[in-house]
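Worksheet: the structure to be examined is printed underneath.
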Amino acid sequence: MSDASIAERATDAPSAALRAVPRSGWHVATVAAVRRETPNASRLELDVDGWPGNAAGQHLDVRLTAPDGYTATRSYSIASSGPSSRVTLAVDKLPDGEVSPYLVDEVRAGDMLEVHGPLGAFFVWAPDQHRSLGPVRPVQLIAGGSGVVPLFAIAHAHAVAEDLTPFRMLYSVRTPDDIYFADELQALAAASDAFRLDLVYTRRTPDGWPTPAGRVMRDALAAAVIPAADHPLVYVCGSTGFVEQVASWLIELGHDARSIRTERYGGT
Amino acid sequence: MQHVDGNALAGPLAEFFTFDVTIATARCNGCGTVAELARAMVYQSGPGTVVRCSSCDAVLATLVEADDRAWIGFSGMSAIEVPRV
């Protein structure tokens, strides 16, 4: 290979999706603010020393160390994106958790945490990543409970970029009190025709809601997601059971498995 | 314990690899399926992490970590494709 061709190759730009994913590392984060997000979750604003920014949809790992040296590490999706070293998390409290009860109930502004990230280049979205792959394809986001966190980051990045790709979010949540980023999501839906929000309540609906509370079923899924004929890219995040049920129905409804990106957080 | 998926490998394996392994694609030795590691099933427990093929459930990889070292096995995969950045 000649020097000239090496130079040409060296200047080849990587794809937008990869360019948007900075190198990960361990960082010290200072809690800048914490507030209740839902009755069972808190929103944390972290100032992360040396944070290189992150793409929409990425996660980070939080490591807690006990006085005796015992450590526990857990993954949390990031609700924010872009070059800022201010990172937003929204953490759901697991009843028997080792890390989440501390993050939800105990942590205070000024506390410091060890974080590892940004992590993951698979469950991400960048404004120009689909344009480079041919015709623009609409994007369907499907969230179960706290699985909305990375999908909120994606929807917000879509709005900030003033991207006109049609987006639709289906968000399954127990009750109106359990909606994460409730005001922000309503504002995104009100601000742009390119973002549509569909809520499904599984335990209790608001007064006057047209459908009774209940899980998302196959027919409701078919009615509320962009049809397979429009070839949407689909992102699904939630508990393992939710994600696997939704993904299998999507395939039955004709969606291409390669066009469905999933992230399971375990749970029940 | 409920399994998760290959997205959860991003942090643990970033300790040892300079690229994001979750967007690397690998061929399962069991059934021949080629998929991103993010699409694999991941079982985490006290002793370590087992990565299984989402199509045939064969073991693709294992990860065991101790304080001062780690053991990483890729016993069930071949032909790993890594995007250059």
Value of [θ]222 nm, deg cm²/dmol, for chain B, DSSP H segments ≥ 4, -39500 (n - 2.57) each, nearest 500: -1000 deg cm²/dmol
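Within a Cβ distance under 12 Å of A:SER100, other residues only, what is the Lys/Arg minus Asp/Glu net charge?
-3
State, as an integer percentage, the relative contact order of chain A based on alpha-carbon contacts under 8 Å between residues 6 or more apart.
17 percent
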FRET efficiency, 1/(1 + (r/R0)^6) with R0 41 Å, evaluated for A:ASP198 and B:ALA70 via beta carbons: 0.40
For the protein assembly as shown, alpha-carbon Rg relative to the globular expectation (2.2 N^0.38 Å, N residues): 0.98
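Would you calculate a helix-derived [θ] at 222 nm for chain A, using -39,500 (n - 2.57) for each DSSP H run of n ≥ 4 and dividing by the full residue count, to the nearest 500? Kindly include the intermediate steps, with their values, before the conclusion.
On the way: 6 runs with 56 residues, N = 268.
Roughly -6000 deg cm²/dmol at 222 nm, from the helical runs in chain A.
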A:VAL136 paired with A:ARG174, simple spin-label distance in nm, labels 7 Å along Cα-to-beta-carbon: 3.9 nm
Values of log10 I(q)/I(0), in the order q = 0.12, 0.14 Å⁻¹, for the range A:125-268 under a Debye, Cα-only, solvent-free model: -0.45, -0.62
Cα extents of chain B along the three principal axes, largest first (Å): 34, 33, 20
Full-extension gain in nm, A:ALA32 to A:ALA229, via 0.36 nm per residue minus C-alpha separation: 66.4 nm
Where N is the number of residues in the range A:177-236, Cα Rg divided by 2.2 N^0.38 Å: 1.26
Label-point separation in nm, B:CYS31 to A:ALA191, each point 7 Å along Cα→Cβ: 4.3 nm
Set of the range A:46-63 residues, backbone N closer than 16 Å to the point 7 Å along the Cα-Cβ line of A:VAL160: A:46-48, A:51-60
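Working out 0.36 nm times the residue gap between A:ASP47 and A:ALA222, then minus their Cα-Cα distance, what length gain in nm do you get to one decimal?
Gain on extension, A:ASP47 to A:ALA222, equals 58.9 nm.
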For the range B:44-55, Karplus couplings with θ = phi - 60° (6.51, -1.76, 1.60), whole Hz, Gly/Pro x: 10, 8, x, x, x, 10, 10, 10, 10, 4, 6, 8
Whole-Hz couplings from phi, Karplus 6.51/-1.76/1.60, listed for the range A:72-87; x for Gly and Pro: 9, 10, 9, 8, 9, 5, 9, 8, 10, 8, x, x, 5, 8, 8, 10
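Values in this text are rule-based calculations from the coordinates and carry no lab data. Just so you know, these numbers come straight off a predicted model, no measurement behind them. Positions of Cβ are backbone-derived with ideal geometry, glycine not excepted, and every protein chain shown enters the neighbour counts.
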